[in-house]
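Written out below as structure tokens is the structure these notes cover.
A short reminder: the numbers here are calculations on the coordinates, not readings from a lab. Computed from a predicted model, the values in this text were never measured in an experiment. Counting neighbours? That spans all protein chains shown, and the Cβs are built from the backbone with ideal geometry, glycine included.
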Amino acid sequence: MDTKDVEKINPEWRLFRFSQRAGNEVICRAILTHPRLVGCVQALRDAGFDLRPDWAKKCLVLVPLTENDAVAANLLDFEKWHLVVHRDDVEYVADALSGFSRKTGARLCECLPVREADIEESVKGVEGGGGANGSHVELKQTEAWGGGNCVVMDKIAEPPERQ
């Protein structure tokens, strides 16, 4: 399962996985309480959405994804180390994780298809500009995990110099 599968339901959604220590409650709490994500989290809860649904094996779902939608799109391979998030919120998730050391497993990898062209397009899309607060999310291709390529998301302080 990869981001392209999640995009079948909504092209604005992305699928990530924690690099290790799947579903760490401290890491999830940091994401759920980030100042720029609190409104989204509360709106989902108010609408009756479970952010760690049993049908998705307790993965963190920060979009209005229902079990029926997931079944209809054949998204049945969620694991507790997955995170489904709107593409506009990726920067805030990275910011929420920036205070954790790498040893905590608080790094995310976008689950991308194996095709190189798709990876390059996703990297260009995120590297194309800095966020509103001047931060920048950098994606780096790493090894294949579970049949799909993984792109590591790290938050860095300054955007790279433009050539």
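Arranged from highest to lowest average of other beta-carbon atoms within 10 Å per residue, in what order do the peptides 32-45, 2-15 appear? Don't skip to the answer; put the middle values down first.
Working: 32-45: 14.3, 2-15: 18.4.
Highest mean packing first, the order is 2-15, 32-45.
If you take the square roots of the eigenvalues of the alpha-carbon gyration tensor of segment 17-91 and sort them as a ≥ b ≥ c, do you get rounded (a/c under 1.5), prolate (a/b over b/c) or oblate? Mind showing how you got there, number by number?
Details: a/c = 1.73, a/b = 1.17, b/c = 1.48.
Oblate, since a/c reaches 1.5 and b/c is not below a/b.
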